[in-house]
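J.: So that we are looking at the same thing, I have put the structure below in structure tokens.
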Amino acid sequence: MHKDDQALIFELSNPGRIGYSLPEMDVPEADINELIPEGFLREELAELPEVSELDIMRHYTALSTRNHGVDSGFYPLGSCTMKYNPKINENVARYAGFAHLHPLQDESSVQGALELMYDLQEHLIEITGMDQVTLQPAAGAHGEWTALMMVRAFHEANGDFKRTKVIVPDSAHGTNPASATVAGFETITVKSDENGLVDLEDLRRVVGEDTAALMLTNPNTLGLFEENILEMAEIVHGAGGKLYYDGANLNAVMSKARPGDMGFDLVHLNLHKTFTGPHGGGGPGSGPVGVKSDLIPYLPKPVLVKQGDQYVLDYDRPQSIGRVKPYYGNFGINVRAYTYIRSMGPDGLKAVTEYAVLNANYMMRRLQSSYDLPFDKHCKHEFVLSGKRQKKLGVRTLDIAKRLLDFGYHPPTIYFPLNVEECIMIEPTETESKETLDAFCDAMIQIAKEAEENPEIVQEAPHSTVIGRLDETMAARKPILRYQKQ
Ligand SMILES: *Cc1c(COP(=O)(O)O)cnc(C)c1O
């Protein structure tokens, strides 16, 4: 690393040096104490670094390269689908006709934007096998919550007030029980069986007259396709409950199988995963929800409809759960997803699924002799290893994740799902080359060898990053966001 990269801007400060040039003043200089009331003047901000324009440019450019992103390196973060986001999406999202719209413009002046949203809905209806889609929710978890509010509205409209429980398998994504709780339901956990799939006996035991819905993450967080979905649908529907499909990771089944055909009543998608919207530090994202016809009345309003050749936002929806987001969803992300779908075409989307699954299976097979493989069966878009063997040598999964930083990789998801000891969850995605997959596998195999021969090197990793091991809890709870001059 170059020494400039480590220099902090205060240390670069040189009294009198300036980073801007303004024309000579031709008005009297104002007194700051007259302009800003005393109480608002902050002593501690009086001393700013005095640096040149070039110093400050290098400082921020250096900081910007300290982040690891999918454009800078491999990012196999299980369940998060950190795949390449094609730059054509960005070009289209920047078209002035899209980027300069105002959300309060009259419908008649934004027909093109409404048409794009309507077409995107139609594509998502086709891809999921549902009857209608809303683009309003801003994230996957937001989509889950929106769907559950609709489930509640549906049951209540039928005078059915006793359905207070949502069933969630222990291999579900963590947002599922959280969304159920926020939507006011009680979460009932159903166990996985020895194959890592939902235990049907346990499901039969917990389903009843108080079941509002079953939320199914498919493939589950072990990367396994739930083989008994049709039977699950029968059990839950038989008891009067609704079936919800967490489709955040649709790249595992897209163009091969459709939630709507499997018996699901509701589904959410993550356009910022499968459909190449960027994951922007927690947002903006897009988590559209698809529903079957009996749930259409409860969709968030407005609902985008087509009347003749006009696109209209319909607010006259007496049974709607209401708005779930200001305006109409994150339009920019929807433009990117639409661009992606149109540029890939149906065959392209099918190839996405095939390569996502092929890549995950290839890596699983290359790594299975170096790490424990708790579920030795064909996986979908991701797979789960266990660091149990390495733990016996004193090397924990956290150490392995940290050691991967030295090889220039973002680590996989670790310690999730909870039902696998020392869990390592790897999702390569379809956009990576065989060379990249092999290089990552070589690093993982080397780390397994180091754990046997030289565990300290793994236990003390990372060795090459700007900052070593953080106290992650303190960094999240008490972040120090501002540089304090010593
Ligand atoms: C990412 C993910 C979610 C949550 O999506 P957010 O946009 O992060 O809220 C839900 N379920 C699964 C399976 C996911 O992978």
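J.: Every residue in the range 271-304 that is out of contact with any Lys or Arg (no Cβ under 8 Å at 6 or more places or on another chain), under 22 Å from Met82 (Cβ atoms) and open to solvent by less than 10 Å² (accessible area, probe 1.4 Å), please.
T.: Correct list: Thr274, Gly285, Ser286, Gly287, Pro288.
J.: Filter the helices (runs of 4 or more DSSP H) completely within the range 81-137 down to those with at least 1 residues that are in contact (Cβ under 8 Å) with a residue 40 or more places away in the chain, touching a Gly at 6+ places or on another chain (Cβ under 9 Å) and closer than 21 Å to Lys292 by Cβ. Write out each step before concluding.
T.: Working: elements: 87-93, 96-99, 111-128.
Helices (runs of 4 or more DSSP H) meeting the threshold: 111-128.
J.: From the list Ala443, Ala401, Ala448, Ala461, exactly one residue is part of a loop (DSSP other than H, G, I, E, B), open to solvent by less than 40 Å² (accessible area, probe 1.4 Å) and of a type in the set (Gly, Ala, Ser). Which is it?
T.: Numbers: Ala443 fails: part of a loop (DSSP other than H, G, I, E, B); Ala401 fails: part of a loop (DSSP other than H, G, I, E, B); Ala448 fails: part of a loop (DSSP other than H, G, I, E, B).
Of the residues listed, the single one that is part of a loop (DSSP other than H, G, I, E, B), open to solvent by less than 40 Å² (accessible area, probe 1.4 Å) and of a type in the set (Gly, Ala, Ser) is Ala461.
J.: Of everything in the range 159-216 that's part of a strand (DSSP E or B) and more than 18 Å from Asp265 (Cα to Cα), which residue is modelled with the lowest pLDDT? First the steps, then the outcome.
T.: Step one: list which residues in the range 159-216 are part of a strand (DSSP E or B), which gives 165-169, 186-190, 192, 198, 211-216.
Next, only the ones that are more than 18 Å from Asp265 (Cα to Cα) stay: 186-190, 192, 198.
Numbers: Glu186: 98, Thr187: 97, Ile188: 97, Thr189: 96, Val190: 96, Ser192: 92, Val198: 96.
Checked the range 159-216; the qualifying residue modelled with the lowest pLDDT is Ser192.
J.: May I pose another question? Among the residues of the range 323-353, write down those that are assigned to a helix (DSSP H, G or I) and among the small types (Gly, Ala, Ser). Can you show your working first?
T.: Here is the first cut: in the range 323-353, the ones assigned to a helix (DSSP H, G or I) are 331-353.
Gly332, Ala337, Ser343, Gly345, Gly348, Ala351, listed by residue number.
J.: Give me the pairs, please: first residue somewhere in the range 19-46 and in contact (Cβ under 8 Å) with a residue 24 or more places away in the chain, second residue anywhere and surrounded by 10 or more Cβ atoms within 10 Å (Cβ to Cβ) and of a type in the set (A, V, I, L, M), beta-carbon distance under 9 Å, and either six or more positions apart or on two chains.
T.: Gly19/Val51; Gly19/Ile56; Gly19/Met57
J.: Here's another thing I want to ask about it. Of all residues in the range 114-151, count the ones that are away from the ligand (no atom under 16 Å from the Cβ), open to solvent by less than 50 Å² (accessible area, probe 1.4 Å) and more than 14 Å from Lys306 (Cβ to Cβ).
T.: Number of matching residues: 5.
J.: Which residue pairs have Cβ atoms under 6 Å apart, sit 6 or more places apart or on different chains, and have a first residue in the range 61-73 that is farther than 15 Å from Thr429 by Cα and a second that is at pLDDT 90 or above?
T.: His68/His410
J.: Here's something else I'd like to know. Name, by its number, the condition in (1) outside any helix (DSSP H, G or I); (2) in contact with a His (Cβ under 7 Å, 6 or more places away or on another chain) that does not hold for Asn361.
T.: For Asn361, the failing item is (1).
J.: Here are Thr175, Thr187: which of them is within 16 Å of the ligand (Cβ to nearest atom), among the β-branched types (Val, Ile, Thr) and touching a Pro at 6+ places or on another chain (Cβ under 6 Å)?
T.: Just a single option satisfies the conditions, and that option is Thr187.
J.: Let me ask something else. Report every pair of residues separated by at least 6 positions or lying on different chains whose Cβ atoms are under 8 Å apart, first residue within the range 167-184 and surrounded by 22 or more Cβ atoms within 10 Å (Cβ to Cβ), second aromatic (Phe, Trp, Tyr).
T.: Short answer, once both residue conditions are applied: Ser179/Trp145.
J.: Between residues in the range 469-486 that are under 18 Å from Glu11 (Cα atoms) and residues that are surrounded by 10 or more Cβ atoms within 10 Å (Cβ to Cβ) and at pLDDT below 85, which pairs lie under 7 Å by C-beta distance while being six or more apart or on different chains?
T.: Tyr483/Leu8; Tyr483/Phe10; Lys485/Phe10
J.: Looking for something among the hydroxyl-bearing types (Ser, Thr, Tyr), part of a loop (DSSP other than H, G, I, E, B) and not assigned by TED's automatic domain parsing to the domain that holds Gly247 - is there at least one such residue anywhere in the range 382-397?
T.: Here is the first cut: in the range 382-397, the residues among the hydroxyl-bearing types (Ser, Thr, Tyr) are 386, 397.
After this cut, where a residue has to be part of a loop (DSSP other than H, G, I, E, B) as well, the list is none.
Looking through the range 382-397, none of the residues is among the hydroxyl-bearing types (Ser, Thr, Tyr), part of a loop (DSSP other than H, G, I, E, B) and not assigned by TED's automatic domain parsing to the domain that holds Gly247.
J.: Could you list all residues from the range 405-423 that are touching a residue at least 60 places away in the same chain (Cβ under 8 Å) and β-branched (Val, Ile, Thr)?
T.: So the first thing to find is which residues in the range 405-423 are touching a residue at least 60 places away in the same chain (Cβ under 8 Å), and the list is 405, 408-413, 416-420.
Scanning the range 405-423 gives Thr413, Val420.
J.: While we're looking at this one, here's another question. Tell me yes or no: at least one residue of the range 414-425 is closer than 20 Å to Arg469 by Cβ, of a type in the set (Asp, Glu) and part of a helix (DSSP H, G or I). Outline the logic, then answer.
T.: Within the range 414-425, the first condition is being closer than 20 Å to Arg469 by Cβ, and the residues that meet it are 414-416, 422-424.
So of that shortlist, the ones also of a type in the set (Asp, Glu) come out as 422.
Now narrow it down to the ones that are part of a helix (DSSP H, G or I): none.
No, because not a single residue in the range 414-425 is closer than 20 Å to Arg469 by Cβ, of a type in the set (Asp, Glu) and part of a helix (DSSP H, G or I).
J.: Can you pull out every residue in the range 347-374 that is within 20 Å of the chain's Cα centre (by Cα) and among the small types (Gly, Ala, Ser)?
T.: Those that are within 20 Å of the chain's Cα centre (by Cα) and among the small types (Gly, Ala, Ser): Ala356, Ala360.
J.: From the list Gly223, Gly208, Gly159, exactly one residue is in the same structural domain as Leu295 (by TED's automatic domain parsing), out of contact with any helix residue (DSSP H, G or I) (no Cβ under 6 Å at 6 or more places or on another chain) and in contact (Cβ under 8 Å) with a residue 60 or more places away in the chain. Which is it?
T.: Working: Gly208 fails: in contact (Cβ under 8 Å) with a residue 60 or more places away in the chain; Gly159 fails: in contact (Cβ under 8 Å) with a residue 60 or more places away in the chain.
Exactly one residue qualifies, and that residue is Gly223.
J.: Ile229: over 22 Å from Met117 (Cβ atoms), among the aliphatic types (A, V, I, L, M), surrounded by fewer than 24 Cβ atoms within 10 Å (Cβ to Cβ) and within 16 Å of the ligand (Cβ to nearest atom), yes or no? Give the derivation first.
T.: Working: over 22 Å from Met117 (Cβ atoms): yes; among the aliphatic types (A, V, I, L, M): yes; surrounded by fewer than 24 Cβ atoms within 10 Å (Cβ to Cβ): yes; within 16 Å of the ligand (Cβ to nearest atom): yes.
Judged against the criteria, Ile229 is a match.
J.: May I ask you to say which residue of Ala93, Ala46 is touching a helix residue (DSSP H, G or I) at 6+ places or on another chain (Cβ under 9 Å) and more than 16 Å from the ligand (Cβ to nearest atom)? Please lay out each step first, then the result.
T.: Details: Ala46 fails: touching a helix residue (DSSP H, G or I) at 6+ places or on another chain (Cβ under 9 Å).
The match here is Ala93.
J.: Taking Phe331, is it within 16 Å of the ligand (Cβ to nearest atom) and touching a residue at least 12 places away in the same chain (Cβ under 8 Å)? Lay out the reasoning, then the answer.
T.: Values: within 16 Å of the ligand (Cβ to nearest atom): no; touching a residue at least 12 places away in the same chain (Cβ under 8 Å): yes.
No; evaluated as a whole, the condition is false for this residue.
J.: Now, a different point. Among (1) within 13 Å of the ligand (Cβ to nearest atom); (2) buried (at least 16 other Cβ atoms within 10 Å of the Cβ); (3) modelled with pLDDT of 95 or more, there is one condition Thr221 misses while meeting the rest; what is its number?
T.: The one condition Thr221 does not meet is (3).
J.: If you don't mind, there's one more thing I want to ask. Which of the residues that make up the range 71-84 are open to solvent by less than 30 Å² (accessible area, probe 1.4 Å) and within 15 Å of the ligand (Cβ to nearest atom)?
T.: Applying the first criterion (open to solvent by less than 30 Å² (accessible area, probe 1.4 Å)) to the range 71-84 yields 73-74, 76, 78-79, 81-83.
Passing the criteria: Pro76, Gly78, Ser79, Thr81, Met82, Lys83.
The values are calculated or read from the model by the stated rules, or taken from the named source; none is laboratory data. Computed from a predicted structure; not experimentally measured. Positions of Cβ are generated from backbone atoms using ideal geometry, with glycine treated the same way; all protein chains shown enter the neighbour counts. Calculation scope for accessible area: heavy atoms of the full protein, side chains included, ligands and nucleic acids excluded. Shrake-Rupley method; radii C 1.70, N 1.55, O 1.52, S 1.80 Å.
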